[in-house]
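Presented below is the structure to which this report refers.
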């Protein structure tokens, strides 16, 4: 469709129906469409309601759980998150919120970790998937099954052991702890090989062979032949690799060990809700939630436009 | 451009299936070889093994006399064309063709020149900036060919390149490939399942079935002289006619009794002269083959022919220039399924379905096959003779010849049938018995002489100087004769080789049998390598020192000062050039885009206007109709029509629009690609030039550094080579037969390791030893002498060899008869043949 971007496509609905049956068919089609869209609307409302609630509450001056639309509107919640000199009444006491809860620092931690992880993990995942798809080595199939089985255990089962290992190499606390965190996140990259392997399997092997005869080694084939054809799966892997550390709570809290300068947003926000009694922090929490979800949404909006179809068009018989 | 040699190539999959077995072939330079066969016959696998895409399980592949088994595909200097084209979809045609050269880091100008050349050869010049998806199948395959020819490879491999094309394109591409082969003068190997392609393209054709070679020959010979039933049936459309039959010999004439047919043919002896006598009894069914053009219904041919069969016409296929007449063999006796016959004729001869007519067989063109083994029994080059004779007083009487048999052949006086291999008859001018030559034929490289002795016809190979009706002498190699009484074997020939079991051992395992005896051998090998490489190292050092002396006095700083402004100037000019080009590109792209927008809109407008006017006309005509018409039925019919028109009109309009927009989009994209590609090339060229200039400047300033680097690399490579050579020198291998371990030469060791890898030590081998390769020696294995066989010129000791598990007879060629009852023998390892037993892989 990219070619016709200067022109709106002409809609050709109902064009293929037989003239005789058209009225009955059209009626049936319309009712079933109506039903489907009603169900979809209800479901999407249920899905989106919490988010709308979150967005609206982030602008509320005082929190009242019973009302959806706040009575008093303010931007102070957002300001409190970032402005280190902004004083506000919190739990009936005046305090400078950004100094107690350094949200900016948390966000920075998270962004850095997520970026590094998404790049490294994408590379590792795709490379291992390519290896599983194309290379022939001993125990390949058994190894693939083993990884699938290991992947079924929740990650936190090995958390204690992982933590002790990190402790041995001095990557468990402080700023090095963040590197440790990156290490932990990317160490499981190979686990995600399955979808990308499936994609690589659909790319004709004779492309690899042609490149091999043209003089390419495995590395060149991967970067110059396979990667340009795999944009959709690269995007998918990047999204996956970015969101996992972005929302991780469990291991991040272990590494931070209470040091608020090492929190990521998930740990920080959780602290924000439980540490202080009462609900006066809730609007600020909502504001932080909105800010946290923005990067993910932007990422998704920009990258979703890649289509699988048509990418391999013309490569093989067609 | 090079020849290929495939020696005992096998492809065995882990589950034990043999995809290719014992593929041995010599391919000469500039040949066009076609592999043909039904699917699953291993032809593609063989091609992929040649390409290096598939590992060779056993055997050796030589390209240009270099073994390439372990060479990467890219270093074999081959090019391949795939069935599904395998073009890189994200690259333009230009980039697709240039990819291989780019990876080999050729200068850009040269790549550009070559791409243009390839495009011109294949008529692709105007498509260079298109992407593969905007091209048709034939064009894509041409791009794929271009990618292959651009590197000027030693061997071109084509894997069913035309299978995905439609019939017309296929014929066109076929002639293009043939032309390409003429132009390029390169070795082509072409895989196909289409026999028309095989026959029209190949200089030689390899017919394969179930992984085995059935026949290798020129297309004409395949058609005229098929070696077996499979080739006979596979090559040629329509298929060859096959008749089951029994042969019998009866005085002056031979009889061919066709099964399921009422007719029996009486033929002259000469037609069946090459067929072994064993097929003239009722036990051996044979299959007769006739091509459809060798059976005739032409009136004068039928009248003059003596070999007629009755057929019942079933139907006709008229192909314009010829007619195929389908018929059945007339069968009065049994109710079995009738045998079908296809006859080629010039017309239907006024026949109709159900007619019974006589058809003439051209027996000169008949093919005879054994129905069980499916091999031809009427070979062009005969292998064995069968003669009927009498033995009286240990002298063989063949018609009027008397041949004295040697002492080793002890036979009672009786009538015998004797099998004499063609090779066992040696013609000469002085020794042996005198005969007269009846016929001399030349087939391929052999001169075949026939000698008639009463009922017996003997074939022998002759040297050049033989003439018809000349008298000459024959000598027989008595070791190869076999005597039968009836069908009972009385005297057996001695095989060319003795077979014994053997194991392959390394030096350490072999120490159990040989002790430390071979340690000095290893030391000597190591010393040899050491002295060789010490000399090489010294040479490199000396060269380095000499070169260093020359450049010692270069003043680096002065040179750098001198070059600095030059580099600056060059960098600036390059950057300027690139940014200028970039601007130009931007402008050009902008104007292109604008033009494209305008075009799209104008197309939309045109289409809309055209279709709107049609639409308006229709509505207008409907309105007029509505006004004048009074008939309700006609009116409702017209309404229906209008509805139909409306729906169709929309669809048609959309189709037209899509079609035109697509064409416009492809044009636009091609133009954009062309601009971008040009810019990219210009930019790369400029940057490369700059880089090279900088490098040159650096090297000029610091020649010592460059020398050092070069020296280090050379030494490193040499050291690696030295290490490998040393490792090879230290390892020696043995073949163990009985308690004898024989040292292998390097050639055999390499082949063994090459073929079987690490499994080489755990396998059992069959070693075939020629009789004269034995030597008497105290270190050998023990055999027990059973008897001495005196064959006149040569004497053999028939011995019993016992291993742990089995015993076998071996025949040792000896000079002296008095050798005692027990011998110790060893053998010359360079003359043996080696076969792996479990998978039956011929190694050496």
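Couple of notes before you dig in:
- Segment B:645-782: radius of gyration and largest Cα-Cα distance (Dmax), Å: 35.3, 106
- Taking every alpha-carbon pair under 8 Å whose residues sit at least 6 apart, segment A:102-317 reaches a relative contact order of 33 percent.
- Residue B:433/residue B:346 FRET efficiency (R0 45 Å; Cβ-Cβ; nearest 0.05): 0.25
- Ratio Rg/Rh [Cα only; Rh per Kirkwood] for segment B:657-700: 1.46
- Fewest-first sequence of A:73, A:246 by Cβ atoms within 10 Å of each Cβ: A:73, A:246
- Packing-based order for B:551-561, B:201-211, using average beta carbon neighbours within 10 Å, highest first: B:201-211, B:551-561
- Sorting the Cα pairs of segment B:685-749 by distance into bins of 10 Å, from 0 upward, gives 17, 21, 18, 15, 13, 10, 6, 0 percent per bin.
- Using only alpha carbons, chain B has a radius of gyration to Kirkwood radius ratio (Rg to Rh) of 1.10.
- Size of segment B:6-61: Rg and Dmax of its alpha carbons, in Å, are 11.2, 37.
- Look at the stretch B:75-82: the mean tally of other chain Cβ atoms within 10 Å of its residues' Cβ atoms is 3.
- Least to most buried among B:749, A:196 (fewest other Cβ within 10 Å first): B:749, A:196
- 10 Å binning of all Cα-Cα separations within the protein assembly as shown, expressed as whole percents from 0 upward: 1, 6, 9, 12, 15, 15, 13, 10, 8, 5, 3, 1, 0, 0
- Distance (nanometres) between label positions extended 7 Å along Cα→Cβ at residue A:201 and residue B:72: 2.8
- 25 °C / 0.890 mPa s Stokes-Einstein diffusion coefficient of segment B:625-696, Kirkwood radius on C-alpha pairs, µm²/s: 138
- When the P(r) is computed for segment B:444-545, the part past 23 Å accounts for 68% of the Cα-Cα pairs.
- Full extension of the chain segment joining residue B:610 with residue B:629 gains 4.0 nm, where the gain is 0.36 nm per residue of separation less the Cα-Cα distance.
- Per-residue extension of 0.36 nm, minus the Cα-Cα distance of residue B:766 and residue B:579, leaves a gain of 60.0 nm for this segment.
- Likely footprinting exposure, B:799, B:472, fewest C-beta neighbours within 10 Å first: B:472, B:799
- In Å, descending, principal axis extents of the Cα set of segment A:213-297: 69, 27, 16
- Percent of Cα pairs exceeding the 14 Å cut-off, where the set is segment A:94-172: 79
- For segment B:1-123, Kirkwood radius (reciprocal of mean inverse C-alpha pair distance, Å): 16.5
- Distance from the Cα centroid of segment B:120-182 to that of segment A:231-295 is 57 Å (rounded to whole angstrom).
- Shape annotation for segment B:320-463: C-alpha extents along the principal axes are 68, 37, 26 Å, from largest to smallest.
- Value at 222 nm in deg cm²/dmol, rounded to 500, when DSSP H runs of n ≥ 4 in the protein assembly as shown each add -39,500 (n - 2.57): -14500 deg cm²/dmol
- Shielding of B:131-139 by partner chains, average beta-carbon count, 10 Å: 2
- Cα-based radius of gyration for segment B:742-844, normalised by 2.2 N^0.38 Å, reads 1.20.
- Model label zone, residue B:838; criterion: amide N under 18 Å from point 7 Å along Cα-to-beta-carbon; scope segment B:495-522: B:501-506
- Relative counts (whole %) of C-alpha pair distances in segment B:115-248, using bins that are 5 Å wide: 2, 9, 18, 18, 16, 13, 8, 6, 4, 2, 1, 1, 1, 0, 0
- When the alpha carbon gyration tensor of segment B:212-307 is reduced to an equivalent ellipsoid, the three semi-axes, largest first, read 24, 19, 13 Å.
- Relative contact order (%) - segment B:445-501, alpha-carbon pairs under 8 angstrom, separation at least six: 19
- Cα Rg over Rh - segment A:102-317, Kirkwood: 1.05
- Peptide A:214-222 has a mean shielding of 5, counted as Cβ atoms of other protein chains within 10 Å of each residue's Cβ.
Each value in this text was obtained by applying a stated rule to the coordinates, not by laboratory testing. In this text the structure is predicted, and so the values were computed from the model without any measurement. Don't worry about glycine lacking a Cβ; one is built from the backbone with ideal geometry, like all the others, and counts go over all protein chains shown.
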